[in-house]
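The values are calculated or read from the model by the stated rules, or taken from the named source; none is laboratory data. Keep in mind it's a predicted model, so treat the numbers as computed, not measured. Backbone-built Cβ (ideal geometry, glycine too); neighbour counts: all protein chains shown.
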Amino acid sequence: MKSFFITVLVLVIIGFGAYAIMHKPSAMPPAPAPTPESAIPSPAATPAPTPPQHALPSSVPSSVTVNIQNFSYAPSTLTVKPGTTVTWINNDTVPHTVTSNSGSMLKSPTLSPGQSFSFTFPTIGSFAYHCAFHSMMKGMVVVQQ
Ligand code: CO
C-alpha cells in the first residue's frame, strides 16, 4: 500500500517534470519570433508604398504628341508642365521642321514623312515655333506649372 502511494507520487513528479520541460521550449520560440517579425515589416513596408505613389502622378503628364498633317501642327497650341517631353510626328506627305522663332534649343532637323522629333521642356515659358520650309506653319508650346 505504501509502495503504491510512492509510485503514484513519483509518477506525479515525473508527470509534472515532463509538463514543465514540454512547456519550457514552447515558451521560448514565441519570444524570439515576434522580434524579427516586427523588425522586418516596419523598415520594408514604410518605403515600399511611398515611391510608387509619387512616381505615378509625376509620370502621367510627361509625354505629349503633336501631329503634323496638312501643313499644320495639331494641336497648334499646347500647354504642358515643366519636364514634359513633346514629340512631333510628321504624318504629312512632305518634309517639315519644328523650329523655334526665338532661336532657342527647340530646333528639329528636317523631318521626312513618317519621322518624329522629341524635345523636353525643362522650364516654364512660351515657346513659339514654325516650319523652316513653310512660314505659314506656326505652333506654340506653353510650359506652366
Ligand atoms: Co512645313
| remark: Of the residues in segment 59-75 that are buried (at least 17 other Cβ atoms within 10 Å of the Cβ) and near the ligand (Cβ under 10 Å from one of its atoms), the one that is farthest from the chain's Cα centre (by Cα) is Ser72
| query | Any idea which of (1) part of a loop (DSSP other than H, G, I, E, B); (2) within 16 Å of the ligand (Cβ to nearest atom); (3) of a type outside the set (Asp, Glu) is the one Phe117 doesn't satisfy? | reply | (1)
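Residues that are in a loop (DSSP other than H, G, I, E, B), polar (S, T, N, Q) and more than 13 Å from the ligand (Cβ to nearest atom): does segment 96-103 have at least one? Steps first, answer last, please.
Step one: of segment 96-103, the residues in a loop (DSSP other than H, G, I, E, B) are 97-98, 101-103.
Still in the list and also polar (S, T, N, Q): 97, 101-102.
Checking which are more than 13 Å from the ligand (Cβ to nearest atom) leaves us with 101-102.
Yes, that holds for at least one residue.
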| message | What pairs come out if I take residues in segment 101-122 that are free of Cβ contacts under 8 Å to residues at least 12 places away in the same chain and pair them with residues that are assigned to a loop (DSSP other than H, G, I, E, B) whose C-beta lies under 8 Å away, six or more apart or interchain? | response | Lys107/Thr97; Lys107/Val98
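So in segment 76-92, with the set limited to residues that are touching a residue at least 40 places away in the same chain (Cβ under 8 Å) and under 23 Å from Gly114 (Cβ atoms), which one is surrounded by the most Cβ atoms within 10 Å (Cβ to Cβ)?
Within segment 76-92, the first condition is being touching a residue at least 40 places away in the same chain (Cβ under 8 Å), and the residues that meet it are 76-82, 84, 86.
Cutting the leftovers down to under 23 Å from Gly114 (Cβ atoms) gives us 76, 78, 86.
Values: Ser76: 11, Leu78: 19, Val86: 21.
Out of the qualifying residues, it is Val86.
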| Selection count, segment 76-112, where residues are within 33 Å of the chain's Cα centre (by Cα) and modelled with pLDDT under 95 | 2
| query | Can you pull out the residues in segment 95-109 that are out of contact with any Gly (no Cβ under 8 Å at 6 or more places or on another chain) and surrounded by 13 or more Cβ atoms within 10 Å (Cβ to Cβ)? | reply | Pro95, His96, Thr97, Thr99, Ser100, Asn101, Ser104, Leu106, Lys107, Ser108
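Among the residues of segment 88-137, which ones are β-branched (Val, Ile, Thr) and over 17 Å from Phe71 (Cα atoms)?
Selection gives Thr120, Thr123, Ile124.
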| query | Which one is nearest to Leu78 (Cα to Cα) among residues in segment 104-114 that are assigned to a loop (DSSP other than H, G, I, E, B) and within 14 Å of the ligand (Cβ to nearest atom)? | reply | Ser108
